[in-house]
1. How about the stretch A:22-47: which of its residues are within 14 Å of chain B (Cβ to nearest Cβ) and either part of a loop (DSSP other than H, G, I, E, B) or touching a Leu at 6+ places or on another chain (Cβ under 6 Å) (or both)?
2. Within the set of pairs 6 or more residues apart or between chains, which connect a residue that is touching a residue at least 12 places away in the same chain (Cβ under 8 Å) inside the stretch A:80-98 to a residue that is open to solvent by 20 Å² or more (accessible area, probe 1.4 Å) and not in a loop (DSSP other than H, G, I, E, B) with Cβ atoms less than 6 Å apart?
3. In this structure, is A:Val44 closer than 27 Å to B:Gln136 by Cβ and free of Cβ contacts under 8 Å to residues at least 40 places away in the same chain?
4. Which condition breaks for A:Met69 when tested against (1) closer than 18 Å to A:Lys96 by Cα; (2) of a type in the set (A, V, I, L, M, F, W, C); (3) within 11 Å of another protein chain (Cβ to nearest Cβ)?
5. When the residues of the stretch A:82-107 are narrowed to those that are among the hydrophobic types (A, V, I, L, M, F, W, C) and away from chain B (no Cβ under 14 Å), which ends up most open to solvent (accessible area, probe 1.4 Å)?
6. State yes or no: is A:Ala41 under 30 Å from B:His34 (Cβ atoms), surrounded by fewer than 21 Cβ atoms within 10 Å (Cβ to Cβ) and over 13 Å from the mean Cα position of the chain (by Cα)?
7. Can you pull out every residue in the stretch A:70-100 that is among the hydroxyl-bearing types (Ser, Thr, Tyr) and under 14 Å from the mean Cα position of the chain (by Cα)?
8. Here is a list: B:Glu39, B:Glu59. Which entry is within 12 Å of chain A (Cβ to nearest Cβ) and open to solvent by 20 Å² or more (accessible area, probe 1.4 Å)?
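The values are calculated or read from the model by the stated rules, or taken from the named source; none is laboratory data. Remember, it's a predicted structure, so these values are computed and weren't measured experimentally. Note: ideal-geometry Cβ built from the backbone for every residue, glycine included; neighbour counts use all protein chains shown. Ligands, DNA and RNA are stripped out before the accessible areas are found, and what is left, the full protein with its side chains, is counted by its heavy atoms. Shrake-Rupley method; radii C 1.70, N 1.55, O 1.52, S 1.80 Å.
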Amino acid sequence: MIQIEQSDREGVPVVSVSGTIDMYSSSELKERLDGHVGQKAARVVVDLEGIDFIDSSGLATLVDAQRHMKAYSGRLQLAALPTRVEAVVRLMHLTKVFEIHSTVDEALSA
Amino acid sequence: MRFALTSRIRTEPDAVRELREIVGLAAAMAGFEHTAGEEIRLAVNEALANVVKHGYGGEVDGPIRLRIRASHSYVEIVIVDEARPIEPGEICPRDFEDVRPGGLGVHLMRKLMNIVEYRPRSGRGNALRMVRTSPQIEWEP
């Protein structure tokens, strides 16, 4: 199951995701992120602190959003990755693709 | 400790997720450390995702049989489906550099497990066998 909460901090949308991002739930995350992409959001922070599992479909969803935002010079920032999630990101060689921060505060001030 | 389990499910979300958790437990019982257990769990997830998406076209009623055998530092997982038989030559792992929705599961499975073998079952479905023996995987720099 996935839970997604959205907030606005300092004018920046923060999408806080918890639970599981897998083939059954990644579409829900995609829908939320597509909304921001569609509005040409300058920045979006995705807070992943509450994630206990992410698979290739989940990461591909994040990459897809990042690429769409980059196309209009927007920024997708990932924050607070749990160790297991960061391990998968590194395994898939995505550390150079994503802008990753330890905390949401750090992402907001970057 | 030796552990063996065969589970039959349909491809609906809760059943697939529960199988994923069982695999994690089996890995722990086989003595794999937490990180390796998570890697095995992810590999099985990717395999199940491929069965669901490519074998059964996303339907939630496809039968899957999963057998786990585990002993000290050894986990073998066999996943059998009744979907369209797929020839091994049809399976094309995508390179990690080409990240887009779909296509990375096979690459991940081969990275996370020591053995990944596909074979169609004569006239009915496919069997996938994965084995993990290494306590750690080799990460490319």
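1. Of everything in the stretch A:22-47, those that are within 14 Å of chain B (Cβ to nearest Cβ) and either part of a loop (DSSP other than H, G, I, E, B) or touching a Leu at 6+ places or on another chain (Cβ under 6 Å) (or both) turn out to be A:Asp22, A:Met23, A:Tyr24, A:Ser25.
2. A:Ala80/A:Asp47; A:Ala80/A:Glu49; A:Arg84/B:Glu38
3. No, not satisfied.
4. Result: A:Met69 fails condition (3) only.
5. Filtering first and then ranking leaves A:Ile100.
6. no
7. Correct list: A:Thr95 only.
8. Going through B:Glu39, B:Glu59 in turn, the sole match is B:Glu39.
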